[in-house]
Amino acid sequence: GQQLNQSPQSMFIQEGEDVSMNCTSSSIFNTWLWYKQDPGEGPVLLIALYKAGELTSNGRLTAQFGITRKDSFLNISASIPSDVGIYFCAGPPGSSNTGKLIFGQGTTLQVKP
Amino acid sequence: DAGVTQSPTHLIKTRGQQVTLRCSPKSGHDTVSWYQQALGQGPQFIFQYYEEEERQRGNFPDRFSGHQFPNYSSELNVNALLLGDSALYLCASRRGGAGQPQHFGDGTRLSIL
């Protein structure tokens, strides 16, 4: 089945640094979603991307929908301690736009004050 | 505006027992999906309900079943519990229609002894 591969698996950075993570697939996705999950909570939607090449920002977060439709990138600028958490990419498989989402395995971010 | 709410927050069961988890979708949402999240993994899609019917199903055995009520709330039932069913069970809701993003609850932590 379709899989999403996230890298890096984990990151440990200094407060104020910029962060970049990505998500790749062997098959095409028509929607890319980025979620953040804090301990003991459910994933929270950060950014949704619907068009190849699309670049969308949400505050200090910027995400891009890869031109090949097989990858997406999430950047966080000037990281702060509350950015700590697990970041997941996700998308509906194939050409479907229904409820099923496939998730990557997550990138764990730790920020040192 | 309440988001997705799930109950109970935590649950402990023993092997062979049955469990029912509950979910109330975000106001205005009519589609509910359930996910299983094992420790250190991304969420895995179980199934989706819309108009009180199961519309899509992931790779989960028949021991996993569900229901959606006229008020759009939903239940997840798991029979003959196995140790491997220990996980965080997440409910997500969205407004029906293409491209609508899913919003997650904080989950039910199920532990099987």
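Just so you know, all these numbers are worked out from the coordinates, no wet-lab data involved. Just so it is clear, the structure is predicted and the values come from calculations on it, not from any experiment. Cβ atoms come from the backbone with ideal geometry, glycine included; neighbour counts cover every protein chain shown.
If you go through region A:27-51 and keep only what is assigned to a strand (DSSP E or B) and farther than 15 Å from A:Leu61 by Cβ, you end up with just A:Phe29.
Since B:Ser65 meets every condition but one in (1) within 12 Å of chain A (Cβ to nearest Cβ); (2) in a strand (DSSP E or B); (3) among the small types (Gly, Ala, Ser); (4) surrounded by fewer than 21 Cβ atoms within 10 Å (Cβ to Cβ), which condition does it not meet? The failed condition is (1).
Please find, among B:Gln41, B:Gln56, the residue that is in a loop (DSSP other than H, G, I, E, B) and surrounded by 12 or more Cβ atoms within 10 Å (Cβ to Cβ). Of the residues listed, the single one that is in a loop (DSSP other than H, G, I, E, B) and surrounded by 12 or more Cβ atoms within 10 Å (Cβ to Cβ) is B:Gln41.
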